[in-house]
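Working notes, structure below.
The values are calculated or read from the model by the stated rules, or taken from the named source; none is laboratory data. As the structure is a computational prediction, the values presented were derived from the model and not from experiment. Quick reminder, even Gly has a Cβ in these numbers, built from the backbone with ideal geometry, and neighbours come from all protein chains shown. Heavy atoms of the whole protein, side chains included, go into the accessibility calculation; ligands, DNA and RNA do not. Shrake-Rupley method; radii C 1.70, N 1.55, O 1.52, S 1.80 Å.
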Amino acid sequence: MARLGGEATLTSRLLFFFLLSTAVMGGSKTVETRRSVLGNGLGRTPPMGWNSWNHFHCNINERLIRETADALVHTGLAGLGYRYVNIDDCWGEANRDYQGNLVAKRSTFPSGIKSLADYVHAKGLKLGIYSDAGSQTCSRTMPGSLGYEQHDAATFASWGVDYLKYDNCNNPGTRPRERYAKMSYALRNSGRNIFFSLCEWGVDNPATWASGMGNSWRTTGDIYDSWGSMTSRADENNRWASYAGPGGWNDPDMLEVGNGGMSTEEYRSHFSIWALVKAPLLIGCDVRTISGDALEILSNSEVIAVNQDYLGVQGKKVFGGGSEEVWAGRLSGGKVAVVLWNRGSSRATITARWSDIGLSSSTVVSVRDLWARATIGSVRGQLAATVSPHACKMYVLTPR
């Protein structure tokens, strides 16, 4: 029997089902998707934190991880919910030890992962680690966990790990769902509650099967720090909106905000859409030297609140007229979050009509502009705004 927190429970074997309803473009019709939910109690809202890969790749060490934990606290980001400190690839030695254990790389992590976990936990944060459902990780610098799932899950638990990102490189060609199921089972039997992030890049449509196995699943290939990469990841992820919900989230990959490849307006669009679609909010820049603009974007508590809304409905694209798009999603309390997104190269007036966002035509709403941090009055029937190139406007509409 699967275990939850070290104790065998019936609920960890049951599949829990509920219906998610989301508005469909052009009418009031709803789509209902039946989901099984992993019974580990984690991920009731999308995870928030930091990951080393986007900025540092393999250039990581234990000092960086400690200093990042410190920076999350003193910038105030930890207080806003960014609590996972996730070590990505390249943390381990090239070979297991004589007992078959993964070993932290002695030249860069001489104190070991447990020591790091203790340090991070003392800050009120959580530690994440990385492995792979193949013979080696993607960097080919360390072993993967294929065939060692129970062994490695027990090791991670003994170190105090709170999150596992599980990649898909160097695999033998077997179906991802078979390999990921083994690690899911091993984690549930490890004696520790560990958030399970499946990173199989969307190759086998994980949204359709991974919710009973993990807490998040990648729906796309890797993101890069560019407008084209970010927008394409948003589009790829959008098709799976009805499969996400509390306990299991679609993941279009980590945030690039602050890494320098996009403008401030583009990064604001990036963060707005990721928040609306209930993506994991994992910072990918160097928070020790973060710019003021990037910190302001990542610290917008009202945008974060949309992402963390307990109803857990993934927002989606509800209107797309060329480069002018409307994205929207239901929130708790009858509210609706709306993003007017201009993906073109010139200013445009974009209109969100109530029929597109699931409101009746007679509904009067109070409009809160999340980036201006201002309530801008009441409207009925539609909401329009002029939006700069590659920029967006983000609102919460509250029925009166």
TODO: Can you send over the carbon and sulfur percentage of the accessible area for the stretch 53-140, probe radius 1.4 Å, protein chains only?
DONE: 46 percent
Task: Loop sites in the stretch 338-380: trypsin sites (Lys or Arg not before Pro), DSSP, at most 12 other Cβ within 10 Å - done: Arg347, Arg373
Task: For the chain, Kirkwood radius (reciprocal of mean inverse C-alpha pair distance, Å) - done: 21.5 Å
- [ ] Give the Kirkwood hydrodynamic radius (Å, one decimal) of the stretch 337-400, defined as one over the mean of 1/r across all pairs of different Cα atoms.
- [x] 12.0 Å
Open item on the list: Which aspartates and glutamates, if any, have their Cα less than 15 Å from the Cα of Lys105, not counting same-chain residues under 8 positions apart?
Closed with: Glu62, Asp88, Asp89, Glu93, Asp97
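Of Lys165/Lys335; Lys317/Lys393; Lys316/Lys393; Lys114/Lys165; Lys123/Lys316, which pairs sit farther than 26 Å apart, going by alpha carbon to alpha carbon?
Values: Lys165/Lys335 33 Å; Lys317/Lys393 14 Å; Lys316/Lys393 15 Å; Lys114/Lys165 17 Å; Lys123/Lys316 35 Å.
Listed pairs above 26 Å: Lys165/Lys335; Lys123/Lys316.
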- [ ] Tell me what the chain gives for mean residue ellipticity at 222 nm when only DSSP H runs of n ≥ 4 count, each as -39,500 (n - 2.57), the sum divided by the residue total, rounded to 500 deg cm²/dmol.
- [x] -6500 deg cm²/dmol
Open item on the list: How much accessible area per residue does the chain have, counting only protein heavy atoms and a probe of 1.4 Å, in square angstrom?
Closed with: 38 Å²
TODO: Go through the chain and flag any cysteine with no other cysteine's C-beta closer than 4.7 Å, please.
DONE: Cys199, Cys285, Cys392
TODO: May I ask you to derive the relative contact order of the chain, considering only C-alpha pairs under 8 Å and at least 6 residues apart, and to give it as an integer percent?
DONE: 16 percent
- [ ] With a bin width of 5 angstrom, please list the P(r) values of the stretch 244-352 as percents of all Cα-Cα pairs, from the 0 bin to the one holding the largest distance.
- [x] 2, 12, 21, 22, 20, 15, 6, 1, 0
